[in-house]
Amino acid sequence: FGSPTDQKKWTFSFWVKRGALNSNQTLLRSSNPLITFGYGGSGDTIRFTLDSTSEGSGQKKTTAQYRDPTSHLHVVVIFDSANATAGDRMQIWVNGTRMTAFDATDANPALNATCSINSAAAHRIGSNFGPGDYFDGLLSRICFVDNAALTPSSFGQLNTEINEWVTLSRSA
């Protein structure tokens, strides 16, 4: 990003198919936050961490573990620190379902906390800044939306015929 934009509200959506399990794998990284699979010995959970020294930190780490390397998952991560409801400031959705079970390190950032996403800093998809933590698997339909807290239905839908979450079909 060349110029900072809204650092208080954004949505990151992607489809993922895991390769290696039981390893730290970075999905999105700026100086902060960090979105990973299994970071810090947390197994195969999804973790969204915000470290902000001026406004306090936040973290959501699912208790659910994602260990099936044969299936695709649709993950939506929402950051909206302008939301008055503390529990809605950092959200993780998997296949259209909002994750609500987090481990004991769960914490919400302060109202109007900022993060380095959308700042004029380096951003990486699929790798950390140092060696290691590279993502092993497939990423597709990566979508970053600035200044909006969109729901998963903006990117996918439940196919009731097969009872699976699928990507939205767009007609020309």
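The values are calculated or read from the model by the stated rules, or taken from the named source; none is laboratory data. From a predicted model like this one, the values you see are computed outputs, not experimental measurements. Neighbour counts run over all protein chains shown; Cβ positions are idealised from the backbone, glycine included. Accessible surface areas use protein heavy atoms only, side chains included; no ligands, DNA or RNA. Shrake-Rupley method; radii C 1.70, N 1.55, O 1.52, S 1.80 Å.
A few comments on the model shown:
- So ASP133, is it surrounded by fewer than 13 Cβ atoms within 10 Å (Cβ to Cβ), among the acidic types (Asp, Glu), in contact (Cβ under 8 Å) with a residue 40 or more places away in the chain and part of a loop (DSSP other than H, G, I, E, B): no
- Taken as a whole, the range 117-130 holds at least one residue that is in a loop (DSSP other than H, G, I, E, B), in contact (Cβ under 8 Å) with a residue 12 or more places away in the chain, on the phi > 0 side of the Ramachandran plot and in contact with a strand residue (DSSP E or B) (Cβ under 7 Å, 6 or more places away or on another chain).
- Test: ASN108 is in contact with a Phe, Trp or Tyr (Cβ under 6 Å, 6 or more places away or on another chain), over 18 Å from LEU21 (Cα atoms) and open to solvent by 20 Å² or more (accessible area, probe 1.4 Å): no
- Among the residues here, THR97 qualifies as surrounded by fewer than 14 Cβ atoms within 10 Å (Cβ to Cβ) and not small (Gly, Ala, Ser).
- Single unsatisfied condition, ILE125 versus (1) open to solvent by less than 60 Å² (accessible area, probe 1.4 Å); (2) within 15 Å of the chain's Cα centre (by Cα); (3) not acidic (Asp, Glu): (1)
- Selection status of SER153, out of contact with any strand residue (DSSP E or B) (no Cβ under 7 Å at 6 or more places or on another chain), open to solvent by 40 Å² or more (accessible area, probe 1.4 Å) and not in a strand (DSSP E or B): yes
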